[in-house]
Amino acid sequence: MTEASNVLVLSLMGALGLVMGSAVTALSFRIPRGLSWVRGRSECPSCHTPLQFLDLIPVLSFALARGRCRHCAAKIGWRYPLTELLCAAWSLLLYRHVGLVPVLPLLAIWGYLLIALLWIDLDFQLLPDALTFPGTLLAAVVAVMTPGGVREAIFGVAIGSGALWLVAWAYFRVRKVEGMGGGDIKLAAMFGAVLGWERTLVTMFLAALMGSVWGAILLARRSGGPQTALPFGTLLVPAAMVTYLWGETWIRAYLGWFVR
């Protein structure tokens, strides 16, 4: 591929990510509230005015309106442009990682669904089947299309979902209350099928580490305690996406310490 062609593909991937970021924002708002994500126009959550074309240009609309609704001047959450930028970053990094291959669009959508799940779990501590189920199907198709992917997917799902199920079962046996929902177990299947067992382990380690830091911050600020529930899916999602991009490099570097 020539340099000009590569720049063109990068530009298209970035633009696609920005557009899909708007769709991800709509998904993360509508699905947990029981609203249809295929019917009805997007609207301002404050004045409920249907959004026009000028309101829907990714990032630029937010910047031109200075973070406020053009109709009622209500503040627009920072999450909207951030989600668009996150999806654009995922698209670009994914293309740089795997190249222009048949599984690229499937992996891109897989990542967009993960970002939607991140926000939903943060807000509602909920990981809807409406997103984890198609996400897992996408992951299964990616596994079938990847050499050796089916075997890795089976082990990834077994390690990820199995470990979280075991943690949930043990917590319930000891404390007699649920400490982890079934959504986290389904989410683990969604990323385990793509990552395989080694990167799934790295993902869970990173998520647990971030959870420990988050919990320590809450304790230090006296805004939480040992029993404070954290949205584990919100931690698993970025850990899975980062591990997909760089996990193999980390694993090789780690193993390199033992084979010198």
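The relative contact order of the chain comes to 17 percent, based on Cα pairs under 8 Å that sit 6 or more residues apart. Subtracting the Cα-Cα distance of ALA89 and SER46 from their residue separation scaled by 0.36 nm leaves 12.6 nm. Please say if the chain is rounded, prolate or oblate, where rounded means a/c under 1.5 for a ≥ b ≥ c the square roots of the C-alpha gyration tensor eigenvalues, and otherwise the choice is prolate for a/b larger than b/c and oblate otherwise? It comes out oblate by the Cα gyration axes. In a fully extended conformation the segment linking VAL7 and HIS97 would gain 30.9 nm over its present Cα-Cα distance, using 0.36 nm per residue.
Assign one of three labels to the stretch 1-100, namely rounded, prolate or oblate, based on the Cα gyration tensor with a ≥ b ≥ c the square roots of its eigenvalues; rounded applies when a/c is under 1.5, prolate when it is not and a/b is larger than b/c, and oblate otherwise. The shape class here is prolate. Residues considered: GLY181, GLY135, GLY148. Largest GNM mean-square fluctuation over the chain, using C-alpha springs under 10 Å, is found at GLY148. Here the residues HIS48, HIS71, HIS97, ranked from fewest to most Cβ neighbours within 10 Å of their Cβ, fall in the order HIS48, HIS97, HIS71. In terms of its C-alpha gyration tensor, the stretch 75-179 comes out oblate, because a/c is 1.5 or above while a/b does not outweigh b/c.
Based on the Cβ-Cβ distance from ARG70 to PHE258, what FRET efficiency comes out when R0 is 45 Å, to the nearest 0.05?
Details: r = 59 Å, r/R0 = 1.31.
After rounding, the FRET efficiency stands at 0.15.
Among ASP123, ASP129, ASP184, ASP55, which comes first, second and so on when ranked by fewest other beta-carbon atoms within 10 Å? Numbers along the way, then the final one.
Working: ASP123 15, ASP129 12, ASP184 24, ASP55 19.
Sorted ascending by nearby Cβ count, the order is ASP129, ASP123, ASP55, ASP184.
We did not get these values from a lab; they are worked out from the coordinates using the rules stated. Values in this document were obtained by computation on a predicted structure and should not be read as measured data. Note that we place each Cβ from the backbone using ideal geometry, even for glycine, and neighbour counts take in every protein chain shown.
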